[in-house]
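As structure tokens, the structure follows; a few thoughts come after it.
The values are calculated or read from the model by the stated rules, or taken from the named source; none is laboratory data. On a predicted model such as this, the values are computed, not experimentally measured, just so you know. All Cβ positions, even for glycine, are placed from backbone atoms using ideal geometry, and neighbour counts span all protein chains on display.
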Amino acid sequence: MSARTVDIPQSVLEDLKNFRFKNAKGTTAISIKIVKSSLTMAVDEEFEDQSIEEIAEELPESGPRYVLISHELVSCVKLSGASFTHTSQKHPDGRISYPIILINWAPPSSPIGLMTLHASALSYFHQVSEVSKVLEVRDGAEGLTTQAVNEKLLGN
């Protein structure tokens, strides 16, 4: 018997591996949900070439998700006054990074039982997904923005 509250089926592990090694340009994401009846995780949705804000609008307001987002690393540079410019973070050899960040999507309108399962499985999913940065989003689509992801990835 497994000591974990929620199991991750082999098919989901394979989907996570395929997502990690995909050579997609732009922003891509995979959303994972907990199936309460079987206490397992399942792929909920995959997103290709959408903005972070568009992905946030597609996520449910009534259920938690683990969302892996591959996103071009962009820094925000302040110009004179209040204006900002966004620049790609290129490596010295010209490569552009597409790091993966884990979004812990936990909207406040989610059922308590599902939120408890979600919270208990977060550490295990974080370990399995092999992602170093986690962004907690508890206030819905307003909390998941390109700026919030860039700041987390850049360590601000």
Quiz item: Counting just the residues of the stretch 47-76 that are over 20 Å from Glu136 (Cβ atoms) and loosely packed, with under 14 Cβ neighbours inside 10 Å, which one comes out modelled with the highest pLDDT?
Solution: Glu54
Self-check item: Qualifying positions in the stretch 1-51 - touching a Gly at 6+ places or on another chain (Cβ under 7 Å) and among the acidic types (Asp, Glu)
Solution: Asp49
Exercise. Could you please find all residues in the stretch 19-34 being surrounded by 14 or more Cβ atoms within 10 Å (Cβ to Cβ) and aliphatic (A, V, I, L, M)?
Key: Ala29, Ile30, Ile32, Ile34
Self-check item: Selection count, the stretch 46-72, where residues are closer than 21 Å to Ser123 by Cα and not in a loop (DSSP other than H, G, I, E, B)
Solution: 6
Self-check item: In the stretch 21-30, the residues that are over 14 Å from Ile8 (Cβ atoms) and in a strand (DSSP E or B)
Solution: Thr28, Ala29
Quiz prompt | Long-range neighbours under 9 Å by Cβ, at least six apart or interchain, first residue at positive phi within the stretch 46-68, second surrounded by 14 or more Cβ atoms within 10 Å (Cβ to Cβ) and not in a helix (DSSP H, G or I) | solution = Asp49/Thr27; Asp49/Thr28
Quiz item: Can you name the residue in the stretch 113-137 that is closer than 21 Å to Val35 by Cα and of a type in the set (Gly, Ala, Ser) and is also nearest to the chain's Cα centre (by Cα) among such residues?
Solution: Ser129
Self-check item: Tabulated pairs, the stretch 1-28, first modelled with pLDDT under 90, second in a helix (DSSP H, G or I), C-beta under 7 angstrom, 6+ apart or interchain
Solution: Arg4/Tyr124; Thr5/Leu117; Thr5/Ser120; Thr5/Ala121
